Amino acid sequence: MERRDLLKMIAAATSTGFVCRFASAYDIRPPVELKDTGFSNADVALLNEVGETIIPRTNTPGAKDANVGAAMAVIVADCYTDTQKSIFKAGMKALNGRSQTEYKTEFTAMSSENKLALLTELDAEAKQHINEQKGKGEDKQPHYFTLFKQLVLFTFFTSEKGANEVLRHVSIPGKYDGEYPYKKGDRAWYR
Amino acid sequence: MANNEYDAIVVGSGISGGWAAKELTEKGLKVLMLERGKNIEHITDYKNAHKERWDFPHRDMPTQQMKEDFPVLKRGYPLNESTYGMWASDKDSPYVEDKKYNWFRSHNVGGRSLLWGRQSYRLNVEDFLANKKEGIAVDWPIRYQDLAPWYDYTERFAGISGSKDGLDVLPDGQFQPPMDLTCVEKDVAKRIQKSFGGARHLIPGRTSNMTQAKPEEGRTACQYRSKCWHGCPFGAYFSTQSSTLPAAMKTGNLTLRPFSIVKEVLYDKDKKRATGVMVIDAETNETIEYKSKIIFLNASSFNSTWILMNSATDIWQGGLGSSSGELGHNVMDHHFRVGASATVEGYEDKYTFGRRPSGYYIPRFRNWGSDKRDYLRGFGYQGGSGRSGWQRNVAEMKLGADLKNAISEPGSWNIGMTAFGEILPDHSNRIYLNHQVKDKWGLPVLAMDVELKENDFKMRKDMQQDAIDMFEAAGLKNVSGFDNDYAPGQGIHEMGTARMGRDPKTSVLNGYNQVWDAKNVFVTDGACMTSASCVNPSLTYMALTARAADFAVQELNRRNL
């Protein structure tokens, strides 16, 4: 008996419609291992320190708690263009270069105060860079610290800890209210 | 061969195909529904349904590899990890762009019903008259009154939420209660109403997200997760899987065959009717014939036309339906990505709860009533509002705890809207077969030769300026217009190419969606549209399909088919 005939018979017997074949949809994307990103554990530690300086632990978790470094490595490796990737990687070297020149040590070994001072300097340089690049068309290239900062914020606020413990998140709200009460200090919804 | 015979064959399982299968099986016909892609089971196959961004390896962003694999899809918003595998492969199913054309397809059971925008509006009385009054293209063979009972019927079953606004331009329907507007939207609505003499209306979006459960169909009301595209485990929005397919399956009359690419409609030139379809198994490349009394083509606008172009070519070189000279012509979409945004002062003691999978709508007001412009037809706006989040620009804020605390709280209210404009049917906007390029199965592909015309460009100026004017009249701040450019197809509302009409010399289908040259072939997806209106079209495909299916069964019973 042909397979299709068999299926037809089953359908007739159960008196319900049927589907001939099954296969997968909503393909699950495989997780990415650090070894496949081209970044090392030391790189992740450095990115976590950069993250923690931008988004520190306060009475709520900070960037290091959310392990933003690991998420940043995966996104840079797979989602960035080659140009963005090289700016980002050169930026990591440049950051350690600056800390060596100005503070005689690696970035990760610096005190929190000095880390904040150095990144604040870089933040100002990045803003200056954005102003200088205005008007440049296709040749526009981001400053590495702009990439750092954007990716720290993105990976932090889209992390489980960031969403649930720093922002607020209700996975199944069940209702909608277009004028829900708010008082200063209430956290933003994750979305 | 006996086992390959059915009363009806439905080609395609998306929004209109699902309706065809439901209506025909419920009327007692044995139906074979063919789908070129893989099966997706309701709920069990929605593997990402409960995932959050952090559950995806790249936080739901596309990788460079994905962009390389989906060169067309990457031009639009739908390329992400949560819907990976749901969009058609640009590589397996290529097409030729004589002019840039964005074709976003889903080759799965359910088609784009799992991935649609869900906004559901009726065409109005004038939409069916405009071509005739203005001497554009050809007259619709039907009027609003012909379709109104079928809108009623499909809205009730699909589950559409929306307000009854009593507007001629946007007829009311059989709605569930509307989703709430935000406090800002409610106030802006009042101010627009006042500033424009009652001629412009901001109303809640009418959407196929339900606000009331349908327990008899196993469907729950919307839970406000706004994860529709992950597949809704609550069945809260209309899809083939949540709605029409279970109804069709329940009859015991439906056979659904995935991986079935319909290559052509088989045509008997002596009887002047179709006898069935030729299928290529997408996995085995095996060729199979299926026979039936009637055929519904619901393969999506362009693919239904592609099938016609490949059918009965020994009689008509251009394929079945080409005797009119209009097959493949009159491509339409809705042009958009133009509008305005603004910030809203105040409302600092207000926020939102829940993630509304819809927004507000401003129905067409141009070239309506006494309004006359230097172009034809009009546009409507879709928009939303809310308080900004961590993404907002806080350049002046110092790094560290200050920054963290500041952006962990919501920012000011923002509002925005984009216009969707009607594109006129134009013979020169066309698709045709390119036999030099072949798809994965060796079949010729479509070439796209479609562009915006003068009418559209004139309209786009109003689409931006009117948005700016309304926000300014509402007293909003930082009002800024935008035109982010648009390429045909981007609206994912492709229509036309096998239009309905009153004369076989100038149209492909008659007033019941029958191919003039083969009365037992019905085309009831977007291909049949004679004009585009400016409203989202899917609800109209549902109504047209239910109407045509009812007619088809009557004709079968009268032994006319």
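Bear in mind that the values in this text are calculations on the coordinates, not laboratory data. The shown structure was predicted, so the numbers you read here are calculated from the model rather than taken from an experiment. Note: ideal-geometry Cβ built from the backbone for every residue, glycine included; neighbour counts use all protein chains shown.
Calculate, axis by axis, the spread of Cα positions in segment B:35-82 along the three principal axes, and write the results as whole Å, longest axis first.
So the extents along the principal axes, rounded to whole Å, are 32, 30, 16.
When the expected Rg is taken as 2.2 N^0.38 Å, what fraction or multiple of it is the alpha-carbon Rg of segment B:22-62?
1.91
Could you work out the pair-distance distribution P(r) of segment B:207-320 from its alpha-carbon pairs, with 5 angstrom bin width and percents rounded to whole numbers?
In whole percents, the pair-distance histogram is 2, 10, 15, 16, 14, 12, 11, 10, 6, 3, 1, 0.
For chain B, what does the equivalent ellipsoid look like in terms of its semi-axes, each the square root of 5 times an eigenvalue of the Cα gyration tensor, given largest first in whole Å?
39, 27, 23
State the answer as a single residue: which of A:L147, A:G178, A:N164 lies farthest towards the positive end of the charge dipole of segment A:140-191, with beta carbon charges of +1 for Lys and Arg and -1 for Asp and Glu, about the Cα centre.
In segment A:140-191, that residue is A:L147.
Helix-only estimate, please: 222 nm mean residue ellipticity of chain A, summing -39500 (n - 2.57) across DSSP H runs of length 4 or more and dividing by its residues, to the nearest 500.
Using -39500 (n - 2.57) per qualifying helix, the result is -16500 deg cm²/dmol.
How large are Rg and Dmax for segment B:10-90 when only the alpha carbon atoms are used, in Å?
My reading of the Cα-based Rg and Dmax gives 16.5, 50 Å.
For the protein assembly as shown, I need the span (max minus min coordinate) of the C-alpha atoms along each principal axis, in Å, sorted largest to smallest.
Result for the protein assembly as shown: principal-axis Cα extents of 92, 68, 50 Å.
Pull out a ≥ b ≥ c, the square roots of the eigenvalues of the alpha-carbon gyration tensor of segment B:75-154, then state rounded if a/c is under 1.5, prolate if not and a/b is larger than b/c, and oblate in the remaining case.
Oblate, since a/c reaches 1.5 and b/c is not below a/b.
Check B:R430: other-chain or 5+ apart residues with amide H under 5 Å from its amide H, H built from backbone geometry?
B:V331, B:D449, B:V450
Which entries in the list A:K35/A:K85; A:K115/B:K404; B:K227/B:K404; B:K186/B:K461; A:K64/A:K183; B:K100/B:K461 go over 18 Å, if you measure between the two C-alpha atoms of each?
In this structure, B:K227/B:K404; B:K186/B:K461; A:K64/A:K183; B:K100/B:K461 exceed 18 Å between Cα atoms.
Past 22 Å, Cα to Cα: identify those pairs from A:K127/B:K74; B:K22/B:K293; A:K175/B:K194; B:K38/B:K293; B:K99/B:K372; A:K184/B:K194, in the order given.
Result: A:K127/B:K74; A:K175/B:K194; B:K38/B:K293; B:K99/B:K372; A:K184/B:K194 exceed 22 Å.
Evaluate the Kirkwood expression for the hydrodynamic radius of segment B:516-561, namely the inverse of the mean inverse distance over all pairs of different C-alpha atoms, and round to one decimal in Å.
Taking every pair of different Cα atoms in segment B:516-561, averaging 1/r and inverting gives 11.7 Å.
Put one equal scatterer on each alpha carbon of segment B:331-408, apply the Debye formula with no solvent term, and list log10 I(q)/I(0) at q = 0.15, 0.21, 0.24 1/Å to two decimals.
Values, matching the q order: -0.81, -1.14, -1.28.
Per-residue ellipticity at 222 nm for chain B, helices alone: DSSP H runs ≥ 4 residues times -39500 (n - 2.57), over residue total, nearest 500 deg cm²/dmol?
-6000 deg cm²/dmol
Report the relative contact order of chain B, percent, no decimals, based on alpha-carbon pairs under 8 angstrom and at least 6 residues apart.
Worked out over chain B, it gives 22 percent.
Between beta-carbons, use under 12 Å as the cut-off and find the net charge around B:L509, counting Lys and Arg +1, Asp and Glu -1.
Residues close to B:L509 contribute a combined charge of -1.
Let me make sure I get this right: for segment B:444-530, a, b and c are the square roots of the gyration tensor eigenvalues over alpha carbons, sorted descending. Under 1.5 in a/c it's rounded, otherwise prolate if a/b > b/c, else oblate. Which is it?
Verdict is prolate for segment B:444-530.
Could you pull out every residue, at least 5 positions away or on a different chain, whose amide H is within less than 5 Å of the one on B:K38? Hs are placed 1.01 Å off N in the peptide plane, and Pro or chain starts have none.
Amide H to amide H, under 5 Å and 5 or more residues apart or across chains, B:K38 pairs with B:V109, B:F259.
Give me the dipole magnitude in Debye, nearest 20, for segment B:1-156 about the Cα centre, with unit charges on the beta carbon: positive for Lys and Arg, negative for Asp and Glu.
Once rounded to the nearest 20, the dipole reads 320 debye.
On a C-alpha basis, how far is the centre of segment B:96-115 from the centre of segment B:284-363 in Å? Whole number, if you could?
8 Å
Give the cross-link partners of A:K89 among the aspartates and glutamates, using a straight C-alpha distance below 12 Å as the criterion and excluding same-chain residues fewer than 8 apart.
A:D43
What does the net charge come to around A:G178 if you take all other residues with beta carbon closer than 10 Å to its beta carbon, with K and R at +1 and D and E at -1?
After counting each charged neighbour, the total is -1.
What does the convex hull of the alpha-carbon atoms of segment B:395-497 project to on average, in nm²?
Hull-based average projected area comes out at 12.3 nm².
Would you mind ranking B:R364, B:R156 so that the residue whose beta carbon has the fewest other beta carbons within 10 Å leads the list?
B:R156, B:R364
Quote the charge dipole size of the protein assembly as shown about the Cα centre in Debye, to the nearest 20; the model charges only the Cβ of Lys and Arg (+1) and of Asp and Glu (-1).
900 debye
How large is ³J(HN,Hα) for each residue in segment B:250-266, as worked out from phi by the Karplus curve 6.51 cos²θ - 1.76 cosθ + 1.60 (θ = phi - 60°), to whole Hz, x for Gly and Pro?
Along segment B:250-266, the couplings run 4, 6, x, 9, 10, 10, 10, 10, x, 6, 10, 8, 7, 8, 6, 8, 7 Hz.
Once amide H atoms are built 1.01 Å from N in the peptide plane, which residues 5 or more positions from B:V10, or in another chain, come under 5 Å H to H?
Correct list: B:L32, B:M33, B:L34, B:F296.
Taking the Cβ of A:T120 as the center, what net charge do the other residues with Cβ under 14 Å away carry, scoring Lys and Arg +1 and Asp and Glu -1?
-2
How large is ³J(HN,Hα), in whole Hz, for each residue of segment A:135-147 in order, when computed from phi with the Karplus curve 6.51 cos²θ - 1.76 cosθ + 1.60 and θ = phi - 60°, using x for Gly and Pro?
Working through the residues one at a time gives x, 6, x, 5, 6, 4, 10, x, 6, 4, 6, 4, 5 Hz.
Relative contact order for segment B:166-281 using alpha-carbon pairs under 8 Å, separation at least 6, rounded to a whole percent?
Result for segment B:166-281 is 14 percent.
In whole Hz and in residue order, list the ³J(HN,Hα) couplings for segment B:224-239 that follow from phi through the Karplus curve 6.51 cos²θ - 1.76 cosθ + 1.60, θ = phi - 60°; x for Gly and Pro.
For segment B:224-239, the Karplus-derived couplings read 6, 8, 6, 10, 3, 6, 6, x, 9, x, 8, x, 7, 10, 5, 9 Hz, x marking Gly and Pro.
Hey, any idea what Rg/Rh is for segment B:137-294, computing Rh the Kirkwood way over Cα pairs?
Value, to two decimals: 1.10.
May I ask for the angle, rounded to the nearest 10°, between helix A:68-79 and the longest principal axis of chain A, with both axes built from Cα atoms and the value confined to 0 to 90°?
For helix A:68-79, the angle is close to 70 degrees.
How many angstrom separate the Cα center of segment B:381-450 from the Cα center of segment A:141-191?
21 Å
Using the crude model of +1 on Lys and Arg Cβ and -1 on Asp and Glu Cβ, and no other charge, please compute the dipole size for chain B relative to its Cα centre, in debye to 20.
560 debye
Principal axes first, then extents: for the Cα atoms of segment B:405-449, list largest minus smallest coordinate on each axis, whole Å, largest first.
60, 32, 11
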